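Structure first, commentary second.
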Amino acid sequence: MTVGSDTEHPGGPATPEADRVVEEVLAGDTEAFAGLVKLFQESVWRIAAATLRDRDATENLVQQVFVDAYLHLDQYEPGTDFGAWIRTVARNRLRKELRTAARQDRRLATYRERLADRLRAEAGDRHDDADAYVEALRGCRAGLGPRDAALLRMRYERGMSFEAIAARQGQSPEAVQRMISRIRFRLRDCIRKKMTSP
């Protein structure tokens, strides 16, 4: 989405124009919705960018805000302030995305702990310094290729069965199990080397 100049003026001339466009969209002229995007994309962009501070994430969120607005356009009350309404939609979407990101961070932390426990148990290691072990795991995991990292995420972070992973990958469950076993072996070996190196 290309962000142009914002023609919105809170409480000013943009609201009657927005109300006219909303009426056209609700009457069936879906292409007229582009007019609302043009009027309010800059203010929605500012809300997203102030928190996300990442252009791609901001662009994705702005697009999602306008999808949300389109799907709930019948909830807007003409004669009020469309700019305030769309900014509320933007803040609600932003809060939802931040909650989702926080949940993903927690799942990732749990995944790392589970994988570390599993690798420790398989290796028969008993390290007093659990933090060093987890740090070694993090470093070794960062060295995995995208396919191997994705397999581990599906198995340990999402808790998917070998059958479910196999269906997604177009392979047999046995092949997936062997691949994950080999990945764990490589991680175990990598961790052992990191833990014993000076």
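Values in this text are rule-based calculations from the coordinates and carry no lab data. The model shown is predicted, which means the values in this text are computed figures rather than measured ones. Cβ coordinates were reconstructed from backbone atoms using ideal geometry, including for glycine residues, and neighbour counts include every protein chain displayed.
One decimal place: the segment Gln104-Ala167 gains 20.3 nm when fully extended, by the rule 0.36 nm per residue minus the C-alpha distance.
What is the dipole size for the chain, taken about its Cα centre, with +1 at each Lys and Arg Cβ and -1 at each Asp and Glu Cβ, in debye to the nearest 20? List each step's numbers first, then the result.
On the way: 34 positive and 31 negative charges, 383 e Å.
Approximately 1840 debye in magnitude.
Once the chain from Glu77 to Lys194 is taken as fully extended at 0.36 nm per residue, the excess over their C-alpha distance is 35.9 nm. Between Asp68 and Asn92, the simple label model (points 7 Å from Cα in the Cβ direction) yields a spacing of 0.7 nm. Counting only residues at least eight positions apart within a chain, or on another chain, the lysines with an alpha carbon under 30 Å from that of Lys96 are Lys38.
Listed from fewest to most Cβ neighbours within 10 Å, the set Thr196, Thr30 follows the order Thr196, Thr30. In this calculation the C-beta distance from Phe185 to Arg112 is compared with R0 = 22 Å, giving a FRET efficiency of 0.75. Mean residue ellipticity at 222 nm, helices only, the chain: -24500 deg cm²/dmol; runs of at least 4 DSSP H residues each add -39,500 (n - 2.57), and the sum is divided by the number of residues.
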